[in-house]
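First the structure, in the form of structure tokens, and then the observations on it.
The values are calculated or read from the model by the stated rules, or taken from the named source; none is laboratory data. Quick caveat, the model's predicted, so the values are computed rather than measured. No Cβ is skipped: glycine too gets one built from the backbone with ideal geometry, and neighbour counts run over all protein chains shown. Accessible surface is based on the protein model in full, side chains and every heavy atom, while ligands, DNA and RNA are left aside. Shrake-Rupley method; radii C 1.70, N 1.55, O 1.52, S 1.80 Å.
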Amino acid sequence: MGASGTVRIIKLLFGLLGLVALGCADERPPTVYSYDGWDGGYFLPVDAGPPRYNVLLFIMDGVGPAQLQAARLVKQAPLHFDRFPAHVLMTTEASGGVVTDSGAAATAMATGRKVTPYTLGVALPGSGRPLVTALELRQRTGVPVGVATVETPLVDATPSAFVAHQASRFDEAGVASDYLRRTRPDLMAGGTSYNLGRVQAVAAGYVAIDSEAAMAVRSPGVDRVAWLFDEARPRLPELTRAALGFMSRGKPGFFLLVETEATDTHGHANNLDGVVKAVLELDQAVAEAMAWMGNRTDTLIIVTSDHETGGLVLDEPVLDASSDSVLQIDSAVEDALSPFTANVPPHHYTTTSHSSRPVDVFATGAAHESVLRVSDNTHLFGILAP
Ligand SMILES: [Zn+2]
């Protein structure tokens, strides 16, 4: 065999080794940054090396521009995150359809890939293999990572898309196992469920608590906490403050997700009053985070949503000529539209499901300029991962 034949064999062996290595690794997003619409992709490069900034990601489930406008009208003032220097709209389509669910939407943000609705962190359509998430990429560098949600079990879709890898979000046993045995975030907070309660968390090596007061307790040597609540749960501002206190004890570069699910639940019920109350509670949590941040330049705060719920439309109040007052809502319209018009503006919903409307993204702090380039939910991955 000549020298060139030997070279060919060596090249072939390296090629085979490469294929074996690819087969063993988690499925990573491609490193070519092109956006191909329906099947995802992202254009922001992901750095190797330690994270350059902390990430605090707020997700308001099921909130679009109209829900935020209603909240401003009720508050009679801008929302705290209206003052953020970056603000764009992004599309939320799932793979294969214009309307997404929380699983596919959060997977797109967490991994940069569009997936089939009801999927959590796996390549479907495609190989079905796990897609590495921004939370996991940060975790590999040794920084603290955490997820927190209220008004829903922790195993619900939005936080789980950052932690779990399941073909169906409804496989709660599989999702719980991914929390406790696979990804093991340093902080997990949310509602209890059959598969993920305090007993299971303690058995998996977590310090588990069920009360707001206990969130502030810092035991030396405790590196994994599960704040799992039954009926009584902390409000988002208190939860956010306690979570930030926990996360900032570790190496710089933490990743923390804070979600409110109540906005989506009330959206499905076409209850704008409930949606607005939940948005305003999250707005207070954002104020808490801004106070924590102060002048520090090492933290990126993003406030966004996974999709819009309800197809909400705000309506013009009807001028009542028989009245002295300037604007009155016609009582027939009021009855037809909503029982909550004393508190929220006139409006009507167009669906009890999710809609295809784009959602807002607000950002401040480190690297917030990157958010100005976001126009689809997959683009957030490149900003969350470094
Ligand atoms: Zn929903």
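Run the numbers for residue 216 and residue 181: contour at 0.36 nm per residue of separation, minus the present Cα-Cα distance, in nm. Write down the numbers at each step before the final one.
Numbers: separation 35, 0.36 × 35 = 12.60 nm, distance 2.53 nm.
Going from the current span to full extension adds 10.1 nm.
May I ask you to give the solvent-accessible area per residue for the stretch 109-204, in square angstrom, as obtained with a 1.4 angstrom probe? It would help to have the intermediate numbers written out before the result.
Numbers: 3000 Å² over 96 residues.
Heavy-atom SASA per residue in the stretch 109-204 reads 31 Å².
Counting Lys +1, Arg +1, Asp -1, Glu -1, what net charge surrounds residue 170 among other residues with beta carbon under 15 Å of its beta carbon?
Values: positive: 169; negative: 101, 156, 171, 172, 178.
With Lys, Arg at +1 and Asp, Glu at -1, the net is -4.
Count neighbours as other Cβ atoms within 10 Å of each site's Cβ, and list the trypsin sites (Lys or Arg not before Pro) in the stretch 92-148 that are DSSP loop with at most 16 such neighbours.
Taking the stretch 92-148 and a limit of 16 other Cβ atoms within 10 Å, the loop trypsin sites (Lys or Arg not before Pro) found are 140.
Among 195-201, 85-91, how do they line up from the highest to the lowest mean number of other beta-carbon atoms within 10 Å?
Details: 195-201: 19.6, 85-91: 16.7.
Taking the mean over residues of other Cβ atoms within 10 Å, the ranking is 195-201, 85-91.
Let's see if you can work this out: charge +1 on each Lys and Arg Cβ, -1 on each Asp and Glu Cβ, no other charges. What is the dipole magnitude of the stretch 171-304 about its Cα centre, in debye to the nearest 20?
On the way: 13 positive and 18 negative charges, 134 e Å.
About 640 debye.
For the stretch 48-125, give the magnitude of the charge dipole about the Cα centre (Cβ charges: +1 Lys/Arg, -1 Asp/Glu; no others), in debye to the nearest 20. Intermediate results must be reported in sequence, preceding the final value.
Working: 6 positive and 4 negative charges, 49 e Å.
I would put it at about 240 debye.
Given just the C-alpha atoms of the stretch 218-258, how large is their convex hull per residue in cubic angstrom? Mind showing how you got there, number by number?
Details: hull volume 3.6 nm³, N = 41.
Taking only Cα atoms, the stretch 218-258 has a hull volume of 88 Å³ per residue.
Assuming R0 = 45 Å, what is the FRET efficiency of residue 372 and residue 173, from their Cβ-Cβ distance, to the nearest 0.05? Numbers along the way, then the final one.
Working: r = 41 Å, r/R0 = 0.92.
Efficiency for this residue pair is about 0.65.
Out of the stretch 96-176, which chymotrypsin sites (Phe, Trp or Tyr not before Pro) are coil in DSSP terms and have no more than 16 other C-beta atoms within 10 Å?
Details: sites: 118, 162, 170; in loops: 118, 162, 170.
Passing both the DSSP loop test and the Cβ count: 170.
In whole Hz and in residue order, list the ³J(HN,Hα) couplings for the stretch 184-196 that follow from phi through the Karplus curve 6.51 cos²θ - 1.76 cosθ + 1.60, θ = phi - 60°; x for Gly and Pro.
With the stated coefficients, the stretch 184-196 comes to 6, x, 5, 10, 9, 9, x, x, 6, 8, 4, 8, 9 Hz.
Between the stretch 132-188 and the stretch 246-319, what is the C-alpha centre distance in whole Å?
Here the answer is 19 Å between Cα centres.
For residue 235 paired with residue 296, estimate the spin-label separation in nm (one decimal), with each label point 7 Å from Cα along the Cα-to-Cβ line.
If labels sit at residue 235 and residue 296, their model points lie 2.3 nm apart.
Please check which bits of the stretch 177-214 a label hung off residue 249 would reach, taking the label as a point 7 Å along Cα-to-C-beta and the cut-off as backbone N under 17 Å.
What the label zone holds, given the 17 Å backbone N cut-off, is 185-189, 202, 205-214.
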